[in-house]
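This report concerns only the one structure given below.
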Amino acid sequence: MTEQPRTEAQAQSAPVQGADGAPGAQWRRLSPRMLLVHPVRELIRYIPVLAGAFFAGRNSDNGQWWSLIGVALVIGLSVVRWATTRFRITPDQVQLRTGLLRKRTIAAPADRVRSVDVTAHTLHRVLGLAKVSIGTGTYDRKKEGLVLDGLAAPQAAALRAELLHRGQSIRGPALRGPQPTNAVPDGRPINTVPDGQPINAVPEEQELVRQDPAWLRFAPFTLSGLITGLAILGFGWNALQQSHVDAGRLGPVQSASRHLSDTPLWLLVVQLLVGALVVISLLSVAGYLLSYYGFRLTRHTGGTLQVTRGLLTSRATSIEQTRLRGVELSEPLLLRAAGGARLIAVATGLRVGRGAERGGTVLVPPAPRSIVYEVGQRVLDEDGAWSAVADPLRRHGAAALRRRVVRACLPWLLITAALVLLTTTAGLPAWIPLSALALTLAFGWIGLDRYRSLGHLVVGSYLATGAGSLARRRVALEAEGIIGWNIRRTMFQRRLGLATLTATTAAGRQGYPVIDISSVDAVDVIRRATPGLLEEFIRQRQQDR
Amino acid sequence: MDPEPMSVELRAPAHLVSRRAIAFWTVRALIGWIVIVGIQLVILIASGSTHHRWVNVLILACSVLLGAVHLIVMPRWRYRVHRWEITRTACYSQSGWITQERRIAPLSRIQTVDSERGPLEQLFKLANITVTTASAAGAIKIHGLDSSAADRIVHELTTIAALDGGDAT
């Protein structure tokens, strides 16, 4: 964050550094084929404006000239954008220059490159192009970072290899410790780069997991189709409203409503539910295919993990093994009921995105739980990974259980009580408080389930923490990646001697909480995960408690 | 693993913040309450003498009472909770009142140290310090420090943090 001004300042004096004659130090352009992509994309983006100009122009004498000028302007701008964008990779920096009037130079130290994401949208794929996003672990939402939009696909792949493996040549290939003793026999020893091999040689790869078509059965349990379905419904409804079409006068709607008035209510409800389920399942399967078609997780000799996936937009995300600080096992309630789970990377420079699928951090898409556990264990390489991923967590005791259940049901219990009162005094139908009671019980169960997920474990060089019911998560976080600790206690937690201990980290979600751990255990966890940090702040416990 | 893990606990950080912080917190909260009560007064006057007037008066009375309790209790409670300590190896703070939070970060992981003085803080010769780490969730903020003490802390922290190489992730 703070290094941004410094690196930009360095980039100003870049020509001096660039004069070393290194082959990679020349300024390079994006692929000329982008001249086809940019105008199309810009035109699509400006369709509302251009359409406005077209219709506005129709009334005046100038005819459609205005919209033509607009189109020419947009195309001209995209050509300028291509012509002014250059990048180069010097031995110690990655630099990108853009802009004609407002010149901007972005530079990042090469050893801070944490991830290289190669994406190809449909248009890109038709033209054999790919977009390369270089992650440096700096989060700035306003500015686009180091994005090279539009290189020929082979060039993009070569660039990724170049960027990710150059660091290895300095640090050496022996990044990984020994495999866990009880590791799954994968038949191949961990590869090391032979001496004298050029850095940009095609790295040997080891496949960790590949998508199995049978995993599609988990798609309907991810609820992603529900969100898509609602979005389509909302969009359709909105379009209908905008177009001023009276829905009641459309033929299909009329016949449907005739059909509806003839069928009994219960049958109608069943039909609707089944219909919705079918549609949502189909949408989920389609979404799963779009995102995860051809999913592969591989480990390269240079010490990077690579995820390749996608049907229309193909993505290849690389994560340096040293930047991988842990894994997150996510088991939402429905997926868990179907025996599935998915795995997300906890890596510096890769922030967990919306819905986790978008962030490029998925290590295993929804798949059988055993596979997810196995991959989690094989991806992590420090001592204790095996237990951190799969061993039962240490539970947080009766006070934590009480707190989970009370927090889950209390609002519903109060609502039920109020409804009971209304039923007895104001003659509310009895089924309303009864259904509220059912909800209370359901949430009680959720509270219980939350308690069952809750726990922590410090094992080897990992801290494992789990929580949640509807969205159950378990994280195995490398202690090395823990930056600091937050210990938060509400008034209720203080009374019960509990605390929420958050391990802060530069990776993934930035902080991973251990909820309702006893204060005594919290101190113990900190002392074991980050030895030495706490020693000055510890005192003997008073004997009165 | 520990010989007697039950026998230790985390103590609070050593130093209290400036006593003037009580007045600062009071004034800051007072401004908020004046806005709330002011809006209610305007509504009360504008609505004239309808027969729902007593509801408005009741809400206003509740706000005034709640505000008074908040203004008396919160700053003093905060003053007893807000503490900080910086050692050779770590930065440790405690803040909050009803919900309290302790934050610890090793000095080797510190990225920036900012000190800030708002207009109100300047009035009370106070400053706050934000110590950021590479984690977005891990910034340590110390409020209500005496201005000169804050300057001293910033100087010390930047000197120590500058000694450390690496990217502190």
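The values are calculated or read from the model by the stated rules, or taken from the named source; none is laboratory data. Small disclaimer: the values here were computed from a predicted structure and weren't measured. With ideal geometry, Cβ positions are generated from the backbone for all residues, glycine too; neighbour counts draw on all protein chains shown. Surface accessibility is based on the protein's heavy atoms, side chains included, excluding ligands, DNA and RNA. Shrake-Rupley method; radii C 1.70, N 1.55, O 1.52, S 1.80 Å.
Within segment A:80-120, the set of residues being over 19 Å from A:Glu42 (Cα atoms), among the basic types (Lys, Arg) and open to solvent by 30 Å² or more (accessible area, probe 1.4 Å) comprises A:Arg86, A:Arg97, A:Arg102, A:Lys103, A:Arg104, A:Arg112.
This table checks each residue for (1) β-branched (Val, Ile, Thr); (2) closer than 24 Å to B:Cys91 by Cβ.
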position	(1), (2)
A:Phe443	no, no
A:Val459	yes, no
A:Tyr462	no, no
A:Ile483	yes, yes
A:Ile487	yes, yes
A:Met491	no, no
A:Leu498	no, no
A:Asp516	no, no
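A:Thr502 fulfils the conditions (1) outside any strand (DSSP E or B); (2) modelled with pLDDT of 90 or more except for a single criterion, (1). Summed over segment A:292-321, residues that are assigned to a helix (DSSP H, G or I) and surrounded by fewer than 21 Cβ atoms within 10 Å (Cβ to Cβ) total 1. Applying the set (1) in contact with a helix residue (DSSP H, G or I) (Cβ under 7 Å, 6 or more places away or on another chain); (2) surrounded by 14 or more Cβ atoms within 10 Å (Cβ to Cβ) to B:Ile43 leaves exactly one unmet item: (2). Taken over segment A:352-372, the criterion of being modelled with pLDDT under 85 and over 15 Å from A:Val475 (Cα atoms) is satisfied by A:Gly353, A:Arg354, A:Gly355, A:Glu357, A:Arg358, A:Gly359, A:Gly360.
Taking every residue in segment B:7-23 that is within 14 Å of chain A (Cβ to nearest Cβ) and pairing it with any residue that is in a helix (DSSP H, G or I), at least 6 positions away or on another chain, the pairs with Cβ-Cβ distances below 6 Å are B:Leu10/A:Val523; B:Leu10/A:Phe537; B:Arg11/A:Phe537. Exactly one residue out of A:Leu297, A:Leu311, A:Leu333, A:Leu324 is touching a Leu at 6+ places or on another chain (Cβ under 7 Å) and free of Cβ contacts under 8 Å to residues at least 40 places away in the same chain: that is A:Leu311.
Among the residues in segment B:88-95, are any more than 30 Å from A:Ile482 (Cβ to Cβ) and either loosely packed, with under 12 Cβ neighbours inside 10 Å or assigned by TED's automatic domain parsing to the domain that holds B:Gly144 (or both)? Scanning segment B:88-95 turns up no residue that is more than 30 Å from A:Ile482 (Cβ to Cβ) and either loosely packed, with under 12 Cβ neighbours inside 10 Å or assigned by TED's automatic domain parsing to the domain that holds B:Gly144 (or both).
If you check B:Arg152 against the conditions, is it within 14 Å of another protein chain (Cβ to nearest Cβ), open to solvent by 30 Å² or more (accessible area, probe 1.4 Å) and among the charged types (D, E, K, R)? Taking the combined requirement at face value, the residue does not satisfy it. Screening A:Lys142 with (1) closer than 27 Å to A:Leu324 by Cβ; (2) in the same structural domain as A:Ile319 (by TED's automatic domain parsing); (3) at pLDDT below 80 gives one miss only, at (1). Cβ-Cβ contacts under 8 Å between residues 6 or more apart (or on different chains), taken from a first residue in segment B:117-140 that is open to solvent by less than 20 Å² (accessible area, probe 1.4 Å) to a second residue that is part of a loop (DSSP other than H, G, I, E, B) and polar (S, T, N, Q), are listed as B:Leu126/B:Ser18; B:Ala134/B:Thr169; B:Ser135/A:Gln510; B:Gly138/A:Gln510. Within segment A:520-537, not a single residue is facing chain B (nearest Cβ under 7 Å) and assigned to a strand (DSSP E or B).
Does segment A:493-545 hold any residues that are of a type in the set (Phe, Trp, Tyr) and touching a Lys or Arg at 6+ places or on another chain (Cβ under 8 Å), and which are they? Reasoning before the result, please.
Keep residues of segment A:493-545 that are of a type in the set (Phe, Trp, Tyr), which gives A:512, A:537.
Residue satisfying the conditions is A:Phe537 alone.
Per-residue answers, yes or no, for (1) out of contact with any Pro (no Cβ under 6 Å at 6 or more places or on another chain); (2) farther than 30 Å from A:Ala156 by Cα; (3) assigned to a loop (DSSP other than H, G, I, E, B); (4) small (Gly, Ala, Ser):
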position	(1), (2), (3), (4)
A:Leu272	yes, yes, no, no
A:Ala276	yes, yes, no, yes
A:Ser284	no, yes, no, yes
A:Ala345	yes, no, no, yes
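For segment A:462-487, filtering for residues that are outside any strand (DSSP E or B) and either modelled with pLDDT of 95 or more or more than 14 Å from every other protein chain (Cβ to nearest Cβ) (or both) leaves 3.
Can you go through A:Leu410, A:Leu448, A:Leu421 and tell me which one is in a helix (DSSP H, G or I), surrounded by fewer than 18 Cβ atoms within 10 Å (Cβ to Cβ) and touching a residue at least 24 places away in the same chain (Cβ under 8 Å)? So the residue among A:Leu410, A:Leu448, A:Leu421 that is in a helix (DSSP H, G or I), surrounded by fewer than 18 Cβ atoms within 10 Å (Cβ to Cβ) and touching a residue at least 24 places away in the same chain (Cβ under 8 Å) is A:Leu448. Counting only residues that are under 12 Å from the mean Cα position of the chain (by Cα), more than 7 Å from every other protein chain (Cβ to nearest Cβ) and not in a strand (DSSP E or B), segment B:79-109 holds 5 of them. Annotation note: of A:Thr490, A:Thr502, the sole residue that is within 9 Å of chain B (Cβ to nearest Cβ) and within 28 Å of the chain's Cα centre (by Cα) is A:Thr502. Of everything in segment B:38-92 that is in contact with a His (Cβ under 8 Å, 6 or more places away or on another chain) and not hydrophobic (A, V, I, L, M, F, W, C), the residue that is nearest to B:Leu16 (Cα to Cα) is B:Arg83.
Filter segment A:505-517 for residues that are open to solvent by 10 Å² or more (accessible area, probe 1.4 Å) and not in a loop (DSSP other than H, G, I, E, B) and give the result. Correct list: A:Gly511, A:Pro513, A:Ile515. Here A:Leu498 passes the criteria (1) under 28 Å from A:Ile344 (Cα atoms); (2) open to solvent by less than 10 Å² (accessible area, probe 1.4 Å) except the one numbered (1). So is B:Ile129 touching a Ser or Thr at 6+ places or on another chain (Cβ under 7 Å) and within 22 Å of A:Gly532 (Cβ to Cβ) or not? The answer is no for B:Ile129.
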